[in-house]
Structure formats: C-alpha cells, structure tokens
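**Student:** One structure coming up, written as structure tokens, with questions to follow.
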Amino acid sequence: MTYVLDPAWHAERARLENISALYDPGTAELCDRLGLAPGWRCLDAGAGTGGVARMFAERVGPDGEVLAVDADTRFLEPLAGGPLSVRRMDITAEPLPEGRFDLVHSRLVLEHLASPEPVVRSMARAARPGGWVLLEDLDWSTVRAVDPPSPAHERVVTALLTALAAGPYDQCFGRKVPRLLRAAGLRDVSVRAVSLPLPADPVAGQPAWELLVDQLAPRLLAAGLVDEDDLDAFHRLWRDGDTLGFGPLMVSAWGRRPDTAGA
Ligand SMILES: C[S@@+](CC[C@H](N)C(=O)[O-])C[C@H]1O[C@@H](n2cnc3c(N)ncnc32)[C@H](O)[C@@H]1O
C-alpha cells in the first residue's frame, strides 16, 4: 500500500479529527436519506478516527452491525464494542466480506489509490443485493478561489497540488466517482458535490486545511515551492477576519447493487 500522506506525522490524529468534524454532518445527512436505520449492517472502509463508524453504530443500534476497516487501526481499536467491530486490512490487497452490508461507505480513501477500480468493485460486492455503496472523495477544482486575492494563497495552493501530484493521489478523482460506481455494476447512481467555505475564523483558523499544509510543509520548502513567509501568510489568511476561500469539492456519489441478476 502506498499513501502520499504520512500516518506517523505527529498531528495526524488532529488532522483526521478535523476532517471528520468538517464532513461527518454531510455524510450523516446522506446516510439518513438512504434510509440508514436500526438493524442495518454497515461497512466503513478506511475509517480513520471512526467518526462515521460511531455515527453508524448509534443509528443501527444493538441489532445492527458496523465493521470499520483501515490499514491503520490505532484510532479505531478503542471504539470497538457493541455493534462496532474493527478490522485491520489493506483494502487494495484483501477482499471485503461479500454480499453482507446494507450500506458500504468510504470517504477520502479511494482518491489515494493508484488503482481504485478493483476496490470499488470489491465494495460493490460487499453490499447485499439492493444495498447501497456511498463513496465520498475530493475534487480540487475549487481551491484557487479566494477573496481578497492573495499571491501567498496562490503559491501555497500551487505547491500543495504539485506535492499531491507526485504521490499516487488523483486530485480530479471526485468527478470520476459516479462513473466508477456505474462501471462496478451499481444502479440508481446519484451525486452531490459541496465545496465548504473556509471562513476566516480569528481563533480556530481552518485546521482541516491548515494541517494538510503543515504536514506537507517540509516537502514544499525542500522543493523550493514556497518559503516560510508564504506559509505564515497562508496561515494568517484564515484568522484575518476578512478572507474567504473554498475547500476542495467533496463529491458524494451513491448507487445500489441490483436486487437480482439483470434487475
Ligand atoms: C484521509 S483518511 C480518511 C479517514 C475517514 N474515512 C474520514 O473521512 O474521516 C484516509 C484513511 O484511509 C486509510 N487507508 C489508506 N489506504 C488504505 C488502504 N489501502 N487500506 C485500508 N485503509 C487505507 C488511512 O489509514 C486513513 O485512515
């Protein structure tokens, strides 16, 4: 398994928790729309710090089942219990349980994979006939938007996209997700795309965004893509009480496994 970001980075837990805080409400809303209810069996693939898995466990209750899998389960293991179980696995190398789940979910994982198609097919097979697969990944087409204009923002965003492009990371992946769902044989495919505003919060800044830049900063500096002044200016933007920028588009797409062959 290859991963452009460093799981051992000292603030990786904080980075993942901030992502979760930013996107969990939208994920919960979509899952409720798909009918998530007591007794459902749910899978979260690449579950990170477990925000979605915990939401699943609350919704499905004691008669349901939640399986949270990740290549790195250190943040998930303390959550195991009741309907929630945790399994360490590389989803590119090992098959998921087949035909079992009412809802299979994955967020911000497939965009990191050099070859996501077989994993989408594995997720489709993990759904029971009639079950849902909900995939959520980013598309970075919105990230240059900022007001007022800022050369430091432009330099940092360009450097970030350059660093991401060097790894097995597809910054256009979001737009491809509905097509991958259809190619995996799923029906009734729908899509929602949301670019969250990154508000200028004078106290909190925008941790989900800033921590990604912080993690990659040594690489950006070493490659000469930015200097320390650019990074300082970038961080000040989110606390200046005036700047408005946009995060990457979060593309959420979902489809249903056919009830019977040929249905
Ligand atoms: C950016 S985090 C997203 C976490 C969570 N899905 C969320 O949205 O809050 C990506 C997660 O995918 C996991 N991951 C990456 N490649 C994986 C693989 N091949 N198999 C299983 N998990 C993987 C990482 O360990 C990490 O926890």
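Every number here is computed from the coordinates shown, using simple stated rules; none is lab data. For clarity, every value in this text was computed on a predicted model and none was experimentally measured. Virtual Cβ from ideal backbone geometry, glycine too; neighbours counted across all protein chains shown.
**Student:** Given H placed 1.01 Å from N in the peptide plane, which residues other than close sequence neighbours of Gly64 have an amide H under 5 Å from its amide H?
**Tutor:** Counting only residues 5 or more places away or on other chains, the set is Gly39.
**Student:** Give, in nm to one decimal, the length gained when the segment between Ala183 and Ala204 is fully stretched (0.36 nm per residue of separation minus the Cα-Cα distance).
**Tutor:** Extra length from Ala183 to Ala204 when fully extended: 3.4 nm.
**Student:** Ranking Asp259, Asp24 by Cβ neighbours within 10 Å, fewest first, what do you get? Walk me through the numbers before you get to the answer.
**Tutor:** Working: Asp259 12, Asp24 15.
In increasing order of surrounding Cβ atoms, one gets Asp259, Asp24.
**Student:** What is the list of residues in region 19-52 whose amide nitrogen lies under 16 Å from a point 7 angstrom out from the Cα of Arg88, following Cα to Cβ?
**Tutor:** Once the point is set 7 Å along Cα→Cβ of Arg88, 46-49 turn out to lie under 16 Å by backbone N, inside region 19-52.
**Student:** Any chance you could run the full-extension gain for Ala165 through Arg144? It's 0.36 nm times the residue separation minus the Cα-Cα distance, nm to one decimal.
**Tutor:** Numbers: separation 21, 0.36 × 21 = 7.56 nm, distance 1.59 nm.
Between Ala165 and Arg144, full extension yields 6.0 nm more.
**Student:** Mind pulling the angle between the C-alpha long axis of helix 207-222 and the longest principal axis of the chain? Nearest 10 degrees, somewhere in 0 to 90.
**Tutor:** Computed tilt is about 60 degrees.
**Student:** Same structure, new question: Could you compute the net charge surrounding Glu117? Neighbours are other residues with a C-beta less than 11 Å from the C-beta of Glu117; K and R count +1, D and E count -1.
**Tutor:** Value of the local net charge: +3.
**Student:** Also, I was wondering about something else. Mind checking region 41-126 for GluC sites (Glu not before Pro) that DSSP puts in a loop (not H, G, I, E or B) and that have at most 13 other Cβ atoms within 10 Å?
**Tutor:** Sites meeting the loop and neighbour criteria: Glu98.
**Student:** Here's a follow-up. Pulled fully out, how much extra length does the chain show between Glu117 and Ala8, if you take 0.36 nm times their separation in residues and subtract their Cα-Cα distance?
**Tutor:** Extra length available between Glu117 and Ala8 comes to 36.5 nm.
**Student:** Apply the Karplus curve 6.51 cos²θ - 1.76 cosθ + 1.60, θ = phi - 60°, to the phi angles in region 105-117 and return the couplings in whole Hz, x for Gly and Pro.
**Tutor:** Rounded to whole hertz, the list is 10, 8, 9, 6, 10, 4, 4, 8, 8, 5, 9, x, 4.
**Student:** May I ask you to derive the FRET efficiency for Glu58 and Asp232 from their Cβ-Cβ distance with R0 = 25 Å, giving the value to the nearest 0.05? List each step's numbers first, then the result.
**Tutor:** Working: r = 41 Å, r/R0 = 1.63.
So, using R0 = 25 Å, E works out to roughly 0.05.
**Student:** Antiparallel DSSP bridges in region 12-256: what percent, to the nearest 5? Show your work: numbers first, answer last.
**Tutor:** Working: 20 of 39 bridges.
That works out to approximately 50 percent antiparallel.
**Student:** Further question: Hey, what do the phi angles of region 158-170 turn into as Karplus ³J(HN,Hα) couplings, whole Hz, using 6.51/-1.76/1.60 and θ = phi - 60°, x for Gly and Pro?
**Tutor:** 4, 5, 4, 5, 5, 5, 5, 5, 6, x, x, 9, 9
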